[in-house]
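The values are calculated or read from the model by the stated rules, or taken from the named source; none is laboratory data. Being a predicted model, the structure only gives us computed values, none of them experimental. Neighbour counts run over all protein chains shown; Cβ positions are idealised from the backbone, glycine included.
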Amino acid sequence: MFRIDEVEVPSAVVGYFFEKLFARELAARLPTDWRGGQSKEEKDIVCLSDPYFSVEMKTSGQLGTKIFGNRSYGQKTEEALVSKPEKSGYYITVNFHGKALTLIRFGWIDASDWKPQKSETGQAASLTLEVYKYKLLEIPGRYRLSAPIGIMEGIGKKTAETFAGEGVQTIYDLLNYEGPNGRIQAFREKAREQFAPEL
């Protein structure tokens, strides 16, 4: 016998199940208002009273705060313009790493906000910094305290390994650090500013 947490599951699969479970929970709580999408023509979360408010969900298991769409999101061909579901609309974006949710955001993204990779063989579309800053609202919560310290700007792999040696691996660890390491103390102060709503 083995447990599911003993199996390494690709982040795309984790994201898919998160989306399905989120939609199922929302439908269970508000069955007359919401349900999960049931076909490719529908968005991931369907608003029953007004489809305009239906929501797409995008997830990323990469360490960081960026979200990616398929290359088709950034293509402006006639086929893409008439494809369903419409790429402009409300989005819930979810970043996670390992078993930790690191950031949830909500907002409106226009189809033109998605920029395809320049390479002809590239399969992803990305968003500009302006979209993250002005069009996606961060949802605060204590869930963010379980995120690895690597989500903070300026903490790369080598720095994260050094901090881990001091017992600092998560945002929670960093916020509660009381040791003498000056560099960790400096990041602790940055973290207190960045994650103040979660405290």
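Assorted remarks:
- Scanning the range 5-46 for residues that are more than 19 Å from residue 68 (Cα to Cα), of a type in the set (D, E, K, R) and either modelled with pLDDT of 90 or more or touching a Pro at 6+ places or on another chain (Cβ under 7 Å) (or both) yields 24, 25, 29, 33, 35, 41, 42.
- Selection status of residue 123, among the polar types (S, T, N, Q), modelled with pLDDT under 95, in contact with a helix residue (DSSP H, G or I) (Cβ under 6 Å, 6 or more places away or on another chain) and more than 17 Å from residue 63 (Cβ to Cβ): yes
- Annotation note: of 161, 193, 198, the sole residue that is modelled with pLDDT under 95 and closer than 21 Å to residue 97 by Cα is 198.
- Flag if residue 183 is crowded, with 18+ Cβ neighbours inside 10 Å, modelled with pLDDT of 95 or more and among the basic types (Lys, Arg): no
- Filtered residues of the range 142-199 (kept if acidic (Asp, Glu) and part of a helix (DSSP H, G or I)): 161, 173, 189, 193, 198
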